[in-house]
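Reading through the structure tokens given below for one structure.
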């Protein structure tokens with residue numbers, strides 16, 4: 001391919017990386033910058049096998065100053081799946097004005113969904129000391145085309161419960177759109193119930209103190225953009241809490257690779273995470 005494009009291999013590899021970085025950065029902008037979120041106020045969390053490889057360049061393209069790399073990033077999603085709370089959702093359509101409900105009638109409808117969710121959890125063989133029942137509903141003002149999800153309080157419902165739900169709807173609607181229409185009836189289109197069984201996953205064990213220079217590492221020439229630089233390749237298992245690594249370097253582990261670009265600095269935290277930062281002048285040049 002390099003011959004067909006009349007490029008040398010390092011230039012072709014760098015172009016591929018730059019395209020990947022650009023696409024990832026644009027996807028992040030779509031869910032942040034384009035929604036009014038200033039990314040300079042946040043860290044970039046890198047997970048997956050290849051995420052830490054490009055995270056530094058992605059963060060610099062986005063103007064972010066720090067990257068946080070999870071412990072065992074290659075198994076990050078699997079760990080989340082194994083340790084996440086068990087969640088079961090149930091829903092039913094209603095399509096009627098909220099004001100037409102009696103408090104007890106609406107409470108009974110949610111209780112029916114709760115009973116179904118408990119049955120689902122039992123069928124999965126999950127032992128639950130505690131089940132959190134989260135009620136919500138899909139609603140909109142009469143005459144609108146699209147509904148949205150709104151929170152509903154935990155039961156039981158009585159007295160002013162319907163009025164309280166109406167008040168919450170108006171408040172949440174205003175916070176989302178900047179205005180509300182309290183004079184219009186609220187149409188309830190569906191009831192939703194999410195049952196959550198907390199897993200209470202244990203925190204990651206702290207890493208012992210030590211020095212990364214004592215771990216296994218080698219140095220080789222590697223291309224960083226258009227520069228061929230002597231680069232340390234460090235085994236992650238040799239990195240201990242408090243260790244610092246200065247770029248250019250590459251951190252290697254069985255299921256992921258982390259790059260520490262020239263001008264950047266990486267430090268290991270107590271929980272096994274790695275934090276990548278760089279000087280302001282490096283960001284300005286990126």
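Side notes on the structure shown:
- Among (1) 1.43; (2) 0.98; (3) 1.12, the entry that matches Rg/Rh (Cα atoms, Kirkwood Rh) as calculated here: (3)
- Axis angle, to the nearest 10 degrees, between helix 161-177 and the longest C-alpha principal axis of the chain: 40 degrees.
- Difference of contour (0.36 nm per residue) and Cα-Cα distance, residue 220 to residue 246: 7.9 nm
- For segment 73-171: span of alpha carbons on each principal axis (Å, largest first): 48, 28, 21
- Nearest-ten-degree value, helix 103-123 long axis tilted from longest Cα axis of the chain: 50 degrees
- For the pair residue 229 and residue 35, a Förster radius of 41 Å applied to the C-beta separation gives a FRET efficiency near 0.60, rounded to the nearest 0.05.
- In a fully extended conformation the segment linking residue 78 and residue 43 would gain 10.4 nm over its present Cα-Cα distance, using 0.36 nm per residue.
- The listed peptides 76-86, 53-63, ordered by packing as a protection proxy, come out as 53-63, 76-86 (highest mean of other Cβ atoms within 10 Å first).
- Principal-axis tilt of helix 9-30 within the chain, Cα atoms, nearest 10 degrees: 20 degrees
- Helix content alone sets the calculated 222 nm mean residue ellipticity of the chain: runs of n ≥ 4 DSSP H residues at -39500 (n - 2.57) each, divided across all residues, give -9500 deg cm²/dmol.
- Volume of the Cα convex hull of segment 1-116, divided per residue and given in Å³: 229 Å³
- Note on segment 1-66: Rg/Rh from C-alpha atoms, Kirkwood Rh, equals 1.08.
Rule-based calculations on the coordinates, nothing more; no lab input. As the structure is a prediction and not an experimental result, all values here were calculated from the model. Using ideal geometry, Cβ is built from the backbone for each residue, glycine included, and neighbour counts are taken over all protein chains shown.
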